[in-house]
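Each remark here refers to the structure printed beneath this line.
Coordinate-derived values only; no laboratory data. Remember, it's a predicted structure, so these values are computed and weren't measured experimentally. Neighbour counts are summed over all protein chains in view; Cβ atoms, including those assigned to glycine, are modelled from backbone coordinates with ideal geometry.
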Amino acid sequence: MKKLAAAVLVVVMLLSITVVPSEAWGRGGGHFHGGRGGWWLPGALLGGLVLGAAVAAAAPPYYAPPPAYYAAPPAVVYQPAPAYTPPAVQREVVYPHGRYVLYGDGVRQPWQWVWIPAAPAPPPPPPQR
């Protein structure tokens, strides 16, 4: 029965596409609404509706599968991330007149080189008498 209905709808669609435009074209130039749309517009709209109805009638109904039920996931034990250990780098560069010291770890605090001047030499001892 559904196939018969689909066949009838397809025939009606084909007739609406071929008959309606030819009659409209014969009435004077084939334009309406100020020249927009053309003579094919009514047939295309009606044919599209009929074709959609035919496809919907011919297609078998779609039944969605039942939802899948899953077992509860196993309990997850939280393990904290291992502590961050900064890479081994040389943190001090010594010169005769001072030194550079590297501060920061490059992750939580940016690297920063700081110049620390050397302590002045102690004054000479007082002369002996």
Quiz item: For the pair ARG108 and ALA88, how long in nm is the line joining their label points, each one 7 Å along Cα→Cβ?
Solution: 2.2
Exercise. Scan the stretch 46-129 for chymotrypsin sites (Phe, Trp or Tyr not before Pro) in coil per DSSP, keeping those whose Cβ has at most 14 other Cβ atoms within 10 Å, and list them by number.
Key: TYR62, TYR63, TYR69, TYR70, TYR78, TYR84, TRP111
